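For reference, the structure discussed in these notes is given below.
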Amino acid sequence: LQVITKEYELFEFRRTEVPPLLLILDRCDDAITPLLNQWTYQAMVHELLGINNNRIDLSRVPGISKDLREVVLSAENDEFYANNMYLNFAEIGSNIKNLMEDFQKKKPKEQQKLESIADMKAFVENYPQFKKMSGTVSKHVTVVGELSRLVSERNLLEVSEVEQELACQNDHSSALQNVKRLLQNPKVTEFDAARLVMLYALHYERHSSNSLPGLMMDLRNKGVSEKYRKLVSALVEYGGKRVRGSDLFSPKDAVAITKQFLKGLKGVENVYTQHQPFLHETLDHLIKGKLKENLYPYLGPSTLRDRPQDIIVFVIGGATYEEALTVYNLNRTTPGVRIVLGGTTVHNTKSFLEEVLASGLHSRNKESSQVMSRSTSRR
């Protein structure tokens, strides 16, 4: 940053009224977003199946054929994926049906025309596109089918509804009751059970009626492994109130409180997608010139009051596809502002918890080495 400030003109590639803005955020300021189940296509695929360089490993899907053991989901090469990646899962099912019907209409039509050499020649010329469409249908039917199977097998509709309650509402009694109820459900996996308790631990960390010890006992009684139980405290260390600079759960002003109250009165359109990442509020305030300078110190000639035209967001500790959806929607609805999202990685819950575990081990190793050096110096 010192070099950039000193050699400012070298980095000023394009003259605009307001220079491009680089917003650097820390994942520990919002540990809620990477913990939640997702219900838009791209985010849901990454959460339940994992996306690695646009590739999805389907080798563990029951009865999978050899040619579908690994598939590619790329918006550049797959029109269906490009058009559906940010849509809700319910809409994907309907659109898959339309895709199949369209394919079925074209399939017999092509076959019926094979009555002459000319027809056969025409079919061969058109076959690559026909084959591509066939592959697209097979791929998305398989992916959506596996997502549906996992949702049913893991009782994710019910789990996700309680996750959203923990992330978006402030009714401790109701949240505690619902978490306890799901911990008794045999369909709820140890992974999802631990995830619910983690969300509870973050939200109600300092609540006067905090019941985390009882929930930890419930996890033990359910047979949840020690690895996941330890992650609950590790997560609070990573992104708890003591660490984060933001207040994830309480409305900040009268307008926010009024909005939350009206939202409660009217209900929500989709209980599974109530949550908005903290990034949404941060970018909204940045665009409107309302970011607090004491919370977001900055370098450069302009002030945070100037409306930026180009914003590059980089999340240290990893971004998520839910945050990518937030950026997509803001780009779509905010004329004159272009936002790009990046990060050290793109997390799903599994990779995020691995990062939390690794950061906890790093902290403990650092502390132990400091203790060792102090004891050595005393000698």
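The values are calculated or read from the model by the stated rules, or taken from the named source; none is laboratory data. For clarity, every value in this text was computed on a predicted model and none was experimentally measured. No Cβ is skipped: glycine too gets one built from the backbone with ideal geometry, and neighbour counts run over all protein chains shown.
Results for (1) of a type outside the set (V, I, T); (2) in a helix (DSSP H, G or I); (3) touching a residue at least 60 places away in the same chain (Cβ under 8 Å); (4) not assigned by TED's automatic domain parsing to the domain that holds R220, shown as yes or no for each residue.
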| position | (1), (2), (3), (4) |
| --- | --- |
| V144 | no, yes, no, yes |
| S148 | yes, yes, no, yes |
| V159 | no, yes, yes, no |
| E165 | yes, yes, no, no |
| S174 | yes, yes, no, no |
| N178 | yes, yes, no, no |
| A193 | yes, yes, no, no |
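Any idea which residue in region 271-293 is modelled with the highest pLDDT, counting only those that are over 23 Å from the mean Cα position of the chain (by Cα) and under 15 Å from I24 (Cα atoms)?
Of all residues in region 271-293, those over 23 Å from the mean Cα position of the chain (by Cα) come to 288-293.
Checking the rest, the ones that are also under 15 Å from I24 (Cα atoms) come to 291-293.
Values: L291: 88, K292: 85, E293: 82.
Here the residue is L291.
Within region 287-337, restricting attention to residues that are among the aromatic types (F, W, Y) and not in a loop (DSSP other than H, G, I, E, B), the residue that is surrounded by the most Cβ atoms within 10 Å (Cβ to Cβ) is Y321. Looking at V243, V224, V236, V255, just one residue is crowded, with 16+ Cβ neighbours inside 10 Å and either modelled with pLDDT under 95 or not in a loop (DSSP other than H, G, I, E, B) (or both), and that residue is V236.
Got a sec? Which of D57, D30 is over 25 Å from N329 (Cα atoms), at pLDDT 90 or above and among the acidic types (D, E)?
Being over 25 Å from N329 (Cα atoms), at pLDDT 90 or above and among the acidic types (D, E) holds for just one of D57, D30, which is D57.
The number of residues in region 346-360 being closer than 20 Å to V45 by Cβ and of a type in the set (G, A, S) comes to 1. Looking only at region 101-117, which residues are touching a helix residue (DSSP H, G or I) at 6+ places or on another chain (Cβ under 6 Å) and modelled with pLDDT of 65 or more? Hit for region 101-117 is F103, nothing else.
Conditions (1) surrounded by 14 or more Cβ atoms within 10 Å (Cβ to Cβ); (2) outside the structural domain of V340 (by TED's automatic domain parsing); (3) of a type in the set (V, I, T); (4) in a loop (DSSP other than H, G, I, E, B), marked per residue:
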residue	(1), (2), (3), (4)
V45	yes, yes, yes, no
G50	no, yes, no, yes
I56	yes, yes, yes, no
P62	no, yes, no, yes
V71	yes, yes, yes, no
A82	no, yes, no, no
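Of note, Y41 does not satisfy the criterion of being farther than 26 Å from S152 by Cα and either outside the structural domain of L196 (by TED's automatic domain parsing) or at pLDDT 90 or above (or both).
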